[in-house]
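First up is the structure itself, then whatever we jot down about it.
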Amino acid sequence: MSYPFFATVSRMKYIHRWALMRNSRPEDLSEHSLEVAMIAHALCLIGNVRFGKHLDAGRAALMGIYHDASEIITGDMPTPVKYFSNEIRTAYKDVESLAENRLLSGLPDDLRDAYAQILKAEYSEEDRELRRYVKAADKLSALIKCIEEERAGNTEFQIAARTTRDSIEEICADMPEVPVFMEEFLPSYGKTLDELLTEV
């Protein structure tokens, strides 16, 4: 029997983000998910090395890869729409859950639970904690997109950058890893390759 899960997930490259904004360069869900995975991994390593935590950085990266997989079915819901009201947010969460279940149905029975634990990340206290790091990474990735667009001369992202920074401060108030990432790594984003190579 053939199972469509991975072929379906591979279609993340066709889902474009920031649909309501004029982009100097389009961003797809695949590249966003890779960036979120790398940042979530880094946040966990910073937590472990600098703050004595015991976070599973590899699992956080894996969760980051799949964190928006449901958007293959739902598309990318723009943030202003998604958070317009509690009713819309609740309805979208329901649609998101249905989309995740639909994706999971594309797996053999013996693998389904393992992937459900990655996509839903609600099965253990540890996964719920790691999900916070993935959420922080998701917001940082959005901020990076804003920085890159502004650096390219696109003023369309100025308000998005401001609201994303505010959101990061709000959700990450008790995550010291986030200010470390922002102070030590964020300033290099938006620079040219020549500028980056002179920093090394």
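Read-outs throughout are calculated quantities, based only on the coordinates presented, and are distinct from any laboratory measurement. Values in this document were obtained by computation on a predicted structure and should not be read as measured data. Glycine gets a Cβ as well: all are built from the backbone with ideal geometry, and neighbour counts include every protein chain shown.
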Descending packing, highest mean Cβ count within 10 Å first, for 143-153, 96-106, 62-72, 180-190 is 62-72, 143-153, 96-106, 180-190
Given a cut-off of 28 Å, name the pairs among K13/K53; K13/K82; K82/K145; K93/K145 whose C-alpha atoms lie farther apart than that in the structure shown. K13/K53
Based on alpha-carbon positions alone, could you give the equivalent ellipsoid semi-axes of the chain from the gyration tensor, as √(5λ), descending, whole Å? 27, 22, 17
Can you pull the Rg over Rh of segment 151-194, Cα-only, Kirkwood? 1.04
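How much FRET efficiency would the formula 1/(1 + (r/R0)^6) give for A91 and D194, where r is the Cβ-Cβ distance and R0 is 41 Å, rounded to 0.05? Numbers along the way, then the final one.
Working: r = 47 Å, r/R0 = 1.16.
So, using R0 = 41 Å, E works out to roughly 0.30.
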Taking the Cα centre of segment 40-127 as origin, sum charge times position over the Cβ atoms of Lys and Arg (+1) and Asp and Glu (-1), and report the length of that vector in debye to the nearest 20. 340 debye
At a 10 angstrom cut-off on C-beta neighbours, averaged per residue, how do the peptides 37-47, 16-26 rank from highest to lowest? 37-47, 16-26
Let me check I've understood the local charge: for L29, count other residues with C-beta under 13 angstrom from its C-beta, Lys and Arg +1, Asp and Glu -1. What total comes out? -4
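Once the convex hull of the alpha carbons of segment 69-152 is built, what does its volume come to per residue, in cubic angstrom?
Numbers: hull volume 9.8 nm³, N = 84.
It comes to 116 Å³ per residue, whole-number rounded.
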With helices defined as uninterrupted DSSP H runs, which ones in the chain have an alpha carbon span along their own long axis of at least 24 Å and mean Kyte-Doolittle hydropathy of at least 0.5? 29-51
Sketch the reach of a paramagnetic label on H54 as a point 7 Å from Cα along Cα-to-Cβ, and name the residues of segment 109-145 whose backbone nitrogen lies under 18 Å away. 124-131
